[in-house]
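The values are calculated or read from the model by the stated rules, or taken from the named source; none is laboratory data. Bear in mind the structure is a predicted one, so any value in this text is a computation, not a measurement. Neighbour counts are summed over all protein chains in view; Cβ atoms, including those assigned to glycine, are modelled from backbone coordinates with ideal geometry.
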Amino acid sequence: MSTNPPQIPLFINGQLVQSNTQEWRDIVNPATQEVLARVPFATADELNAAVASAAKAFTTWKKTSIGARARIFLKYQQLIRENMKELAAILTAEQGKTLADAEGDVFRGLEVVEHAAAIGNLQLGEFANNVAGGVDTYSLLQPIGVCAGITPFNFPAMIPLWMFPMAIVTGNTFVLKPSEQDPMVTMRLVELAAEAGVPPGVLNVIHGGEAVVNGICDHPVIKAVSFVGSTRVGTHVYNRATLSGKRVQCMMGAKNHAIIMPDANKEQTLNNLLGAAFGAAGQRCMAISVAIMVGDAKNWMADLVAKSKTLKVNAGVETGTDVGPLVSQSAYSRVSSLIEKGAAEAKLELDGRTVKVVGYEKGNFVGPTIFSDVKPGMTIYEQEIFGPVLCVSFAKDIDEAIAMINKNPNGNGTAIFTQSGAAARKFQEEIDIGQVGINVPIPVPVPMFSFTGSRASKLGDLGPYGKQVIAFYTQTKTVTARWFDDSSASAGVNTTISL
Ligand code: NAD
């Protein structure tokens, strides 16, 4: 039965099913305020049904051959490529980012799917021959069971694809809880996964908010939880899910700094900085939100502001758009009020609140906004604004800049712009941040490496994708084996610890 607006289904045991809940939330186009669909906040019974379906599927899926698992992901990457334009269009409609950026969102997830297809070379144990006379020791990396993922609104394609492909290809089954703000592209990706051959029950989707997330944290059958989102919610998820014995990884909030050295290539640096600060309307966990101008680089302020004024603020579907709308009206209010606070704390060089977008007057638009002379202690420095707002600070030398970054509690990403190898190497060695860019503004690692945020930006030891996620989604079993030769003489009873 079709409804208007359409209702987003759950996905349980290979079937799209309508929720019985009484609690629904609108999915709204952030450029127009058009209601695109309604998403259910699923009931506890529905969560239990999704977990039960994943638990049942695990009994057979864990025994599936490596080749069979790999071939599903080979097919899946092909289907994602064939449907790229449709996926990007859904993503832009519900999230707001430009169509080109939406394709980037899908593509960075697609790279993880390609990596999953290489599982034959990834999930390998170790073998030591003759650890004692006639004794061998070897390790097996076995799947752990039902795993769950909880994802944020800002990368509704890439981040679900960080999670379920690697969990499933290592032999686990999965329950995904997408962001309630933009679950439509995630659902299309899940449908394509089923079309690629992921069997019923291996991948399930449950929608909702706090109650469903708490249900996942507490559920005795779920063995591991991967979370990406804000520091407040991630800390709660980590504490609650580890308390019930789960393996948990939480990638959380950020305040990413870039150091601009006076010897940097000015044109390239300013262009990179603007893209990293204002692209996706600043709603990236790896966005640069603080630029530290070292020494004479402070003289680049006027050019930075002038270039920022040339960026085109418009709906994500319009050609030539640089900066789309914020995801929701509440995000718009939060960012606007932080700009208001900042204007009383630092020098407001460019105010994006005045932007008008013809044809999209109701959209949640904030244009590029720049503050200068920003210092630790100010609200706009201490909080993650998650909007197109760049805070500029000044430092006399690289040591002062590094000290400022290391003092900030967050550890997600950072970058330096310089032509000096010595300065870059000093930065790489001394900076206490998990992901470091050298003339690369958003150093999100490709999938053969892992995402490695650190300090307050991460809880748990192992990051998503790359080698670390194989360890996250598997249990190491170490086997020590001796085979008796029937003709060998018995050595008798041995009560010592030796083999
Ligand atoms: P969020 O924390 O509000 O939501 C994340 C998930 O948690 C969603 O699925 C949501 O439904 C759920 N949730 C929300 N409130 C909850 C509550 N009270 N209890 C339990 N669950 C709850 O994050 P968001 O606004 O969707 O995403 C933006 C945040 O995510 C930013 O802080 C950003 O830096 C961070 N982020 C981090 C990374 C990273 O890799 N470090 C990547 C992307 C986004």
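Just a few scattered comments:
- Scope region 108-154; condition outside any loop (DSSP other than H, G, I, E, B), of a type in the set (F, W, Y) and touching a residue at least 40 places away in the same chain (Cβ under 8 Å); matching residues: Y138
- Among the residues making up region 463-484, those that are surrounded by fewer than 19 Cβ atoms within 10 Å (Cβ to Cβ) and either of a type in the set (A, V, I, L, M, F, W, C) or part of a loop (DSSP other than H, G, I, E, B) (or both) are A471, V479, A481, W483, F484.
- For region 449-462, the tally of residues that are under 22 Å from F174 (Cα atoms) and part of a loop (DSSP other than H, G, I, E, B) stands at 5.
- Any pair with Cβ under 9 angstrom, 6 or more apart, that starts in region 431-452 at a residue that is touching a residue at least 24 places away in the same chain (Cβ under 8 Å) and of a type in the set (A, V, I, L, M, F, W, C) and ends at one that is part of a loop (DSSP other than H, G, I, E, B) and away from the ligand (no atom under 16 Å from the Cβ): M448/A118
- Residue that is farthest from Y238 (Cα to Cα) [pool: residues in region 178-212 that are charged (D, E, K, R) and in a helix (DSSP H, G or I)]: E195
- V389, sole failed condition from (1) in contact (Cβ under 8 Å) with a residue 60 or more places away in the chain; (2) more than 24 Å from T369 (Cα to Cα): (2)
- Spans of helices (runs of 4 or more DSSP H) in region 358-435 with at least 1 residues among the small types (G, A, S) and assigned by the TED database to the domain that holds S333: 398-407, 421-430
- Sole exception among (1) of a type in the set (A, V, I, L, M); (2) touching an Asp or Glu at 6+ places or on another chain (Cβ under 9 Å); (3) closer than 17 Å to F153 by Cα for A102, by number: (2)
- Residues that are among the charged types (D, E, K, R) and within 16 Å of the ligand (Cβ to nearest atom) were ranked within region 362-386; the one that is surrounded by the most Cβ atoms within 10 Å (Cβ to Cβ) is E384.
- Residue within region 242-250 that is surrounded by fewer than 17 Cβ atoms within 10 Å (Cβ to Cβ), of a type in the set (D, E, K, R) and more than 12 Å from the ligand (Cβ to nearest atom) present: no
- H236 satisfies every condition listed in (1) surrounded by fewer than 19 Cβ atoms within 10 Å (Cβ to Cβ); (2) more than 27 Å from G352 (Cα to Cα); (3) more than 9 Å from the ligand (Cβ to nearest atom) except (3).
- Summed over region 318-331, the residues that are free of Cβ contacts under 8 Å to residues at least 40 places away in the same chain and under 22 Å from the mean Cα position of the chain (by Cα) give a count of 1.
- When region 1-20 is filtered for residues that are in contact (Cβ under 8 Å) with a residue 40 or more places away in the chain and in contact with a strand residue (DSSP E or B) (Cβ under 6 Å, 6 or more places away or on another chain), the ones remaining, listed by number, are I8, P9, L10, F11, I12, S19.
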